[in-house]
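Working notes, beginning with the structure itself.
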């Protein structure tokens with residue numbers, strides 16, 4: 001099987017004709033738009049790109065030098081380009097392009113969203129470390145923040161208002177990133193490269209179940225599992241944030257979190273390939289699922305994605321015309 005490089009250059013290429021004047025794209029300035037999280041991204045310039053076809057997307061990639069050639073030259077910085085939703089036309093359009101192009105567009109659009117989710121987690125992780133080393137008053141703002149974080153990561157229940165040393169130790173294990181290579185591989189596997197019915201209807205990229213009655217119903221319901229559906233999300237970023245929270249909180253992925261923490265204790269960075277070994281509980285396929293993730297990572301050379309980071313030039317939101 002052939003392979004290709006992903007996650008290329010993010011620097012905004014200078015040319016005689018600015019990319020935002022291209023006829024195929026319509027841009028509007030959104031000075032008041034902000035994404036989740038209180039960090040530097042909200043202070044960057046924001047633009048919206050209206051896309052009408054995959055060709056528009058590739059033109060945008062080229063204008064930003066977001067290419068395999070740049071990646072092969074060692075560039076690991078990628079642009080903050082976020083698809084606001086998966087367009088309903090994607091399945092039809094993806095059938096008209098090569099498999100290589102289909103993979104390229106999927107990986108290059110999902111990667112910045114994954115990196116953004118990890119960026120938000122790292123904000124929480126830094127704050128956690130800062131507050132955990134303080135002698136906090138029970139009524140202090142910092143203690144309230146710690147309690148909120150512990151509840152979010154399901155270390156304590158929502159009605160608990162005390163944190164022990166054991167709670168803090170567990171919280172430090174849970175508040176951590178998911179290697180991009182792993183998230184990219186799982187997104188591809190679970191959503192069929194973004195073409196699944198659940199992805200198109202609800203930006204559902206990671207096959208997360210929903211038992212609230214609000215999920216997207218499978219066409220063939222398994223009655224023995226109860227009233228379930230696939231979780232729907234407003235944006236792909238929401239889907240990635242839910243996925244990272246799932247891996248960071250559910251008891252089925254305790255081994256993954258422990259392995260990740262052990263690697264960090266050795267002063268090393270966890271990789272997607274090694275953490276995938278622990279995800280046999282993510283699918284009924286068990287070890288075959290893990291083997292499939294490893295295959296996706298090897299064939300598409302996703303390991304390098306774990307070294308990628310977001311640029312701080314501007315934020316570009318891609319809004320599908322449909």
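What follows draws every value from the coordinates through simple rules; no lab data is involved. Keep in mind the model is a prediction, meaning the values are calculated, not measured. Quick reminder, even Gly has a Cβ in these numbers, built from the backbone with ideal geometry, and neighbours come from all protein chains shown.
What the table below lists for this structure:
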read-out	value
For peptides 241-249, 143-151, sequence by mean Cβ density within 10 Å, most packed first	241-249, 143-151
Shape box of the range 84-221 [Cα atoms, principal axes, largest first, Å]	61, 32, 22
Residue list for the range 104-143, given a label point 7 angstrom along the Cα-to-Cβ vector of residue 162 and an amide N cut-off under 18 Å	136-140, 143
Overall Cα dimensions of the range 106-180 - principal axes, largest extent first, Å	46, 22, 18
Gain in span if fully extended, residue 89 to residue 123, counting 0.36 nm per residue against the direct Cα distance	8.7 nm
181, 53 arranged by Cβ crowding within 10 Å, fewest neighbours leading	53, 181
Cα-based equivalent ellipsoid, the range 19-320: semi-axes from gyration tensor eigenvalues, Å	32, 24, 20
Added length on full extension, which subtracts the Cα-Cα distance from 0.36 nm per residue, residue 319 to residue 291	6.6 nm
Antiparallel DSSP beta bridges within the range 19-320, as percent of all bridges there, nearest 5	35
Net lengthening on full extension, residue 303/residue 98 (0.36 nm per residue, minus Cα-Cα)	71.5 nm
